[in-house]
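Colleague: The structure that follows is given in the form of structure tokens.
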Amino acid sequence: MQGVCDNQLLLRNLVVRWYGSAQDSRIFDNSSLSEDLENGIVPGILLGDSGYGLTEFLMTPIIKNNLTAAEKR
């Protein structure tokens with residue numbers, strides 16, 4: 001299942017058609033929300049865990065311990 005809420009905790013996207021063993025990133029990559037964000041139809045930025053790839057609209061944590069000065073900024 002994929003659920004996405006906005007800054008007011010209102011549910012804005014729900015995907016329930018995948019098996020429980022499907023990876024979260026696969027569900028997202030194949031969702032209409034991902035396509036709409038990529039094409040600029042839906043404005044905003046999502047926060048995801050390290051299981052997702054970093055994109056212009058999906059922020060993920062930096063896990064590296066040896067950050068460069070540019071990465072720290």
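Colleague: Within region 29-58, how many residues turn out to be of a type in the set (Gly, Ala, Ser) and over 20 Å from VAL16 (Cβ atoms)?
Modeller: Applying the first criterion (of a type in the set (Gly, Ala, Ser)) to region 29-58 yields 31-32, 34, 40, 44, 48, 50-51, 53.
Add one more test, that the residue is over 20 Å from VAL16 (Cβ atoms), and what stays is 40, 44, 50, 53.
Number of matching residues: 4.
Colleague: Still on this structure: Which residue out of SER50, SER21, SER25 is in contact (Cβ under 8 Å) with a residue 24 or more places away in the chain and either hydroxyl-bearing (Ser, Thr, Tyr) or assigned to a loop (DSSP other than H, G, I, E, B) (or both)?
Modeller: Numbers: SER50 fails: in contact (Cβ under 8 Å) with a residue 24 or more places away in the chain; SER21 fails: in contact (Cβ under 8 Å) with a residue 24 or more places away in the chain.
Every option except SER25 fails the conditions.
Colleague: Any idea how many residues of region 1-29 are over 14 Å from GLY48 (Cα atoms) and surrounded by 15 or more Cβ atoms within 10 Å (Cβ to Cβ)?
Modeller: Kept after step one, since they are over 14 Å from GLY48 (Cα atoms), are these residues of region 1-29: 1, 7-22.
Cutting the leftovers down to surrounded by 15 or more Cβ atoms within 10 Å (Cβ to Cβ) gives us 13, 15, 18.
Residues in region 1-29 being over 14 Å from GLY48 (Cα atoms) and surrounded by 15 or more Cβ atoms within 10 Å (Cβ to Cβ): 3 in total.
The rows are residues; the columns are (1) in contact with a helix residue (DSSP H, G or I) (Cβ under 7 Å, 6 or more places away or on another chain); (2) not in a loop (DSSP other than H, G, I, E, B).
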| residue | (1), (2) |
| --- | --- |
| ARG12 | no, yes |
| SER34 | yes, yes |
| GLY40 | no, no |
| PRO43 | no, no |
| ILE62 | yes, no |
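Colleague: Would you please name the residue that is surrounded by the most Cβ atoms within 10 Å (Cβ to Cβ), looking only at residues in region 30-47 that are among the β-branched types (Val, Ile, Thr) and without any contact (Cβ under 8 Å) to a residue 12 or more places away in the chain?
Modeller: Let us first name the residues in region 30-47 that are among the β-branched types (Val, Ile, Thr), namely 41-42, 45.
Within this subset, residues satisfying the condition of being without any contact (Cβ under 8 Å) to a residue 12 or more places away in the chain are 41-42.
Values: ILE41: 10, VAL42: 17.
Once the filter is applied, the top-ranked residue is VAL42.
Where a number appears in this text, it was derived from the coordinates with a stated rule and is not lab data. The structure presented is a predicted model; accordingly, all values stated were derived computationally and were not measured. We place every Cβ from the backbone using ideal geometry, glycine too, and count neighbours over all the protein chains shown.
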